[in-house]
Amino acid sequence: MGDNRSVASEFMRGITKDNPTFGLVLGLCPTLAVTTSIENGIGMAAGTLFVLVGSNLLVSILRKEIPDTVRIPIELIVIATFVSIVDMVMEAFTPDIYAALGVYIPLIVVNCIVIGRAEAYALKNGVFYSIIDAFGVGTGFLLMLMLIGGIREVLGTGGIKLFGVQLFDMVSMLGYNPIGIMTLSPGAFLTIAVLMAIVNYRRILKAMKGG
Amino acid sequence: MADASLFAVFMDGVFLKNFLIVQFLGLCSFVGVTKDVKSASGMSGAVIFVITLSSVVSYFLYTYILLPLRLEYLNTIAFIIVIAALVQLVEFIVRKHMPPLYRSLGIYLPLISTNCAVLGAVLLNVMNEYTFIQSVTFGIAAGVGYTVAMLIMSSIREWSNVVYVPRAVGRGVTYAFFIAFVMSMSFANYFKVIPL
């Protein structure tokens, strides 16, 4: 961590190099489980973003007080507190998304991204940059969930429905035949496998050009 | 759900709601420790052990402490603390009294406290309002289902070492996801053809 960091670079790092799905390969359970549609993906990512920011903030404030030996239980309690807040807020204000996400909201507690950032970043850095880092990683997570959710929703149902508004519908317009399996569990594995292969392919191409 | 038979609960846990393939719980270990069968079976043994134990403990915690005190909304915090403490305790006990078991399971135990499969099983027990016997059965079933998926996955990865795969897929996580795709297709369709 040199002094040449800026707000923008710390923020972008969460989207590019430390991207939760393709860079760090963390937090895969929610990435696959809730991405049956864009809407669910956004709901999940928003919850995770809030927990990330909250826990990074609190862990970073307390980082000089936390004894090294018991830091993981303390981080878990901090995270679990914010997850409970998200859980109650979503149940009260967005009951539809809450019902669709089900058990995966309380499971943000064990999402490796959140504890990973608390452990790897917030414990070693100041409050301001910890929050920026949380926003960056959270945004990277949001983009990934929207991408995977979008692919699965378009292929699986033939259209995109966002917060009750049907954006477009290929079934009636183009006579598209939806691939139902894309919204089931095999579709999740296939989508992420193909996306990862594409990312790897680009990395290999880049390495060949560079070397 | 309280009147579901034990057999149905068990089959649900092992196949229909298989934690790894259908519910996507515990995927980190599914792609992380399935490079060879030996470590996959070690991890599975540890998971069965911890899930069963935490189903028992969390049932008592929820029914006799959280419910009477009207603290249900604290269940996420309470369960994660109990599971983390339980894993620590099990690690101490196993290390002291069962050194051979510790040598085979030891390194996997710390990984489990942040494995979503354990917390997932416990939370699903509460959500489905299972009784004590059902909770324990579901816990064991979830562990067995986890083992089945881990063993299939690790065997495929171990035996396909000589198979040609494109470089962009490689032998790592991407490859594991392609295998998982094929596996989940068979899991998802098998029980439509042959209903239990």
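A short reminder: the numbers here are calculations on the coordinates, not readings from a lab. Since the structure is predicted, the reported quantities are computational estimates derived from the model, not experimental observations. We place every Cβ from the backbone using ideal geometry, glycine too, and count neighbours over all the protein chains shown.
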(message) Which one, A:PRO20, A:PRO30, A:PRO186, has the greatest fluctuation when you compute a Gaussian network model over chain A with C-alpha springs under 10 angstrom?
(response) A:PRO186
(request) Output ³J(HN,Hα) for the range B:87-94: one whole-Hz value per residue in order, computed from phi by the Karplus curve 6.51 cos²θ - 1.76 cosθ + 1.60 with θ = phi - 60°, and x for Gly and Pro. (result) 4, 4, 4, 4, 4, 4, 5, 5
(message) If R₀ is 41 angstrom, what is the calculated FRET efficiency for the pair A:ILE198 and A:GLU91, using the beta carbon separation as r and rounding to 0.05?
(response) 0.65
(request) Report the calculated FRET efficiency for B:ARG95 and B:VAL37 (r = Cβ-Cβ distance, R0 = 25 Å), to the nearest 0.05. (result) 0.55
(request) Please arrange B:THR76, A:THR94 by counting, for each residue, the other beta carbons lying within 10 Å of its beta carbon, fewest first. (result) A:THR94, B:THR76
(message) Let me spell out the model: positive unit charges on the Cβ of Lys and Arg, negative unit charges on the Cβ of Asp and Glu, origin at the Cα centre of the range A:7-210. What dipole size does that give, in debye rounded to 20?
(response) 820 debye
(message) Which of B:VAL9, A:VAL154 has the fewest other C-beta atoms within 10 Å, and how do the rest follow up to the most?
(response) A:VAL154, B:VAL9
(request) Identify the trypsin sites (Lys or Arg not before Pro) of the range A:1-102 meeting these criteria: DSSP loop state and at most 15 other C-beta atoms within 10 Å of the C-beta. (result) A:ARG5, A:LYS17, A:LYS64
(request) Once you have a ≥ b ≥ c as the square roots of the Cα gyration tensor eigenvalues for the range A:7-210, tell me rounded if a/c is under 1.5, and otherwise prolate or oblate according to whether a/b is larger than b/c. (result) oblate
(request) Evaluate the charge dipole of chain B about its Cα centre and quote only its size in Debye, nearest 20, assuming +1 on the Cβ of each Lys and Arg and -1 on the Cβ of each Asp and Glu. (result) 600 debye
(message) Under a Cβ-only charge scheme (Lys and Arg +1, Asp and Glu -1), can you give me the dipole magnitude of the protein assembly as shown about the Cα centre, in debye to the nearest 20?
(response) 1360 debye
(request) Work out from phi, with θ = phi - 60° and the Karplus expression 6.51 cos²θ - 1.76 cosθ + 1.60, the ³J(HN,Hα) of each residue of the range A:41-53, listed in order in whole Hz, and give x for Gly and Pro. (result) x, 5, x, 4, 5, 5, x, 5, 4, 4, 5, 4, 4
(message) Could you give each residue of the range A:152-157 its phi-based ³J(HN,Hα) in whole Hz, using Karplus coefficients 6.51, -1.76, 1.60 with θ = phi - 60°, and x for Gly or Pro?
(response) 5, 5, 5, 6, x, 10
(message) Averaged across A:111-121, how many Cβ atoms of other chains sit within 10 Å of each residue's Cβ atom?
(response) 1
(request) Could you tell me which of A:VAL51, B:SER154, B:PRO68 has its Cα farthest along the dipole of the protein assembly as shown towards the positive end, charges placed at Cβ (Lys, Arg +1; Asp, Glu -1), taken about the Cα centre? (result) B:SER154
(request) For chain B, with a Gaussian network of springs between Cα atoms less than 10 Å apart, report the residue from B:ALA84, B:ALA40, B:ALA121 with the top mean-square fluctuation. (result) B:ALA84
(request) Could you pull out which residues in the range A:84-113 have an amide N less than 17 Å from a spot 7 Å beyond the Cα of B:LEU71, following the Cα-Cβ vector? (result) A:84-85
(request) Go through the range B:75-179 and name the GluC sites (Glu not before Pro) that are in a DSSP coil and have 12 or fewer other Cβ atoms within 10 Å of their Cβ. (result) B:GLU129
(request) Please check which bits of the range B:5-48 a label hung off B:VAL162 would reach, taking the label as a point 7 Å along Cα-to-C-beta and the cut-off as backbone N under 19 Å. (result) B:36-37
(request) Multiply the residue gap between A:ILE77 and A:THR16 by 0.36 nm, knock off their C-alpha separation, and tell me the result in nm, one decimal place. (result) 19.0 nm
(message) Taking the Cα centroid of the range B:56-89 and of the range A:182-210, what is the distance between the two, rounded to the nearest whole Å?
(response) 40 Å
(message) Taking the number of other C-beta atoms within 10 Å as the exposure measure, put A:ASP133, B:ASP12, B:ASP36 in order starting with the fewest.
(response) B:ASP36, B:ASP12, A:ASP133
